[in-house]
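Below you'll find the structure, written out as structure tokens, and then a few comments.
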Amino acid sequence: MRYLIQPKNPNKTHQRRVALVTLGCPKNEVDSEVLAGQLRDDGFLLCPEPEEADIILVNTCGFIESAKQESIEAILDLLRLKETDQNPEIYVWGCLAERYKEELPQEIPEADGFFGVEAFDQIRSRLNHRRKDLSDATPGSRVLSTPSHTAYLKIAEGCSHQCSFCAIPLFKGKYRSRPIVDLVHEAQALADQGVRELSLIAQDTTAYGTDFNDGTRLSDLLRDLVQIDGIEWIRILYAHPSHIEDDLIQIILEEEKICNYLDMPLQHIHTPILKQMGRGMRREEIEGLIRKLREKIPNITLRTAFIVGFPGETDEAFEELLQFIQATRFERLGAFTYSPEEGTPAFEFGPIPPKNIAEARYDQIMQTQQEISLELNEAFIGKTLPVLIDEYDPAQKMYAGRTRGDAIEIDQTVWVQGECSIGEIVPVQITDADVYDLIGVLNPS
Ligand code: SF4
């Protein structure tokens, strides 16, 4: 759970104080940042703690069961504040409110209102009591919840894939790319406020432009983004493997600013399961793509994610996945146990492996990956890597940063000894390695 802070003028007490509580993924985080910017421009005071707010906005996640549960618990926790002298207005918005727009108001009548995804105008209108003079805030006026040198850039909404396990297309609609001109404008505004690293996000970043039906692709957007002064690292998250074409590989290879990094969730490798999942690729095609990426882009950091316990995942199918992970040695890897979601095709599929089996499979994958990760990390000892410094940790008396192969909030940390500044990219000599961390000293030479 993340809170947006940075009050603009903490001494003004007549302004109504708004706290934004965000659950879920970076796409939600960006929505909260946009709304926070708009509310700040409307004259509200952004408040770091819900306990001090007149109004609380909870941006929820409705992706899978555990995320839904987390959102509901957060809402119920916050509703307790209504029984105190503070008695804030509490509004629920985002994916969960969109997905359960009929049920939620009945289940949680204590909340003051519910809004779906992209309901920025409705929320502002409600909070401003239908004022006519609302500022026309643009996405460039986001209030960042990340450190000020790094930001997500949400390049599209919705998803036109139909992965059988996924509820997102049910409530986020078809894929809609944002125009390049808007994205460049937003990226420029972020660069002007000190952002040096952009992480491109969407439900599927590599489908960018396909809905324009004019040949536009992600590589076209990247070609414009790399021209922006001040932006030094650009990384691509949430890449669907079926859209990774040669022009994208080429621009990653050619453009120094684009990190040799790709987050590409694969979900499984056993072809019959991939088919059941509706992933649109067979094992051989995925293997061919990985081979090509590694041949063409030296030192690429590949991040992926797999689902275990999907309906029909036999011991043999899981063993195939495990062997694939051992052989491919992904630099970064996450795993999830399958969550049956009502309304999705997979919800109607045959029996799923028992919970204890799915959990054991998850453990086996993560244990395997830990061994791989440690070996890969140890190979960096003695090398010098550029590291973007995110923060200083007084407890460790070290700076925490990331390499070009590490996305913020997702991947590894490099712990840095020596004097540097937050937001700086510095050369760091790696002296030690852990499963998910590197340790190094500032190497000024
Ligand atoms: S690509 Fe598949 S898993 Fe990802 S959001 Fe779209 S439907 Fe869901």
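Among the residues making up region 238-284, those that are away from the ligand (no atom under 12 Å from the Cβ), part of a loop (DSSP other than H, G, I, E, B) and under 30 Å from Ser148 (Cβ atoms) are Glu255, Glu256, Lys257.
When region 26-40 is filtered for residues that are of a type in the set (D, E, K, R) and closer than 17 Å to Ser125 by Cα, the ones remaining, listed by number, are Asp31, Arg40. Of the candidates Ile290, Ile286, Ile307, the single residue that is closer than 21 Å to Thr344 by Cβ and in contact (Cβ under 8 Å) with a residue 12 or more places away in the chain is Ile307. Does Gly62 satisfy the condition of being small (Gly, Ala, Ser), touching a strand residue (DSSP E or B) at 6+ places or on another chain (Cβ under 8 Å), more than 30 Å from Gly423 (Cα to Cα) and away from the ligand (no atom under 16 Å from the Cβ)? No, not satisfied. Assessment of region 162-172 against the conditions (hydrophobic (A, V, I, L, M, F, W, C), farther than 22 Å from Glu118 by Cα and touching a helix residue (DSSP H, G or I) at 6+ places or on another chain (Cβ under 6 Å)) yields at least one matching residue. If you check Leu302 against the conditions, is it away from the ligand (no atom under 16 Å from the Cβ) and outside any helix (DSSP H, G or I)? Criteria met by Leu302.
Within region 178-196, residues that are closer than 10 Å to Ser148 by Cα and in contact (Cβ under 8 Å) with a residue 12 or more places away in the chain reach partners that are outside any helix (DSSP H, G or I) and aromatic (Phe, Trp, Tyr) with beta carbons closer than 7 Å, at six or more positions or on different chains, in the pairs Arg196/Trp233. Note on region 224-261: residues that are buried (at least 19 other Cβ atoms within 10 Å of the Cβ), within 19 Å of the chain's Cα centre (by Cα) and not β-branched (Val, Ile, Thr) amount to 9.
Report whether or not Phe318 is surrounded by 20 or more Cβ atoms within 10 Å (Cβ to Cβ) and not in a helix (DSSP H, G or I). Considered against the rule, which asks whether it is surrounded by 20 or more Cβ atoms within 10 Å (Cβ to Cβ) and not in a helix (DSSP H, G or I), Phe318 comes out as no. Look at (1) under 23 Å from Asp411 (Cα atoms); (2) within 12 Å of the ligand (Cβ to nearest atom) and you find that Tyr175 fails only one, number (1). Listed by first and then second residue, the pairs linking a residue in region 119-146 that is on the phi > 0 side of the Ramachandran plot to a residue that is at pLDDT 90 or above and not in a loop (DSSP other than H, G, I, E, B), with Cβ atoms under 8 Å apart and 6 or more places separating them unless they lie on different chains, form an empty list.
Does region 202-225 contain at least one residue that is in contact with a Pro (Cβ under 7 Å, 6 or more places away or on another chain) and either away from the ligand (no atom under 16 Å from the Cβ) or modelled with pLDDT of 95 or more (or both)? Among the residues of region 202-225, not one is in contact with a Pro (Cβ under 7 Å, 6 or more places away or on another chain) and either away from the ligand (no atom under 16 Å from the Cβ) or modelled with pLDDT of 95 or more (or both), which makes the answer no.
The values are calculated or read from the model by the stated rules, or taken from the named source; none is laboratory data. No experiment lies behind these values; they were computed from the predicted model shown. Note that each Cβ is placed from the backbone with ideal geometry, even for glycine, and that neighbours are counted across all protein chains shown.
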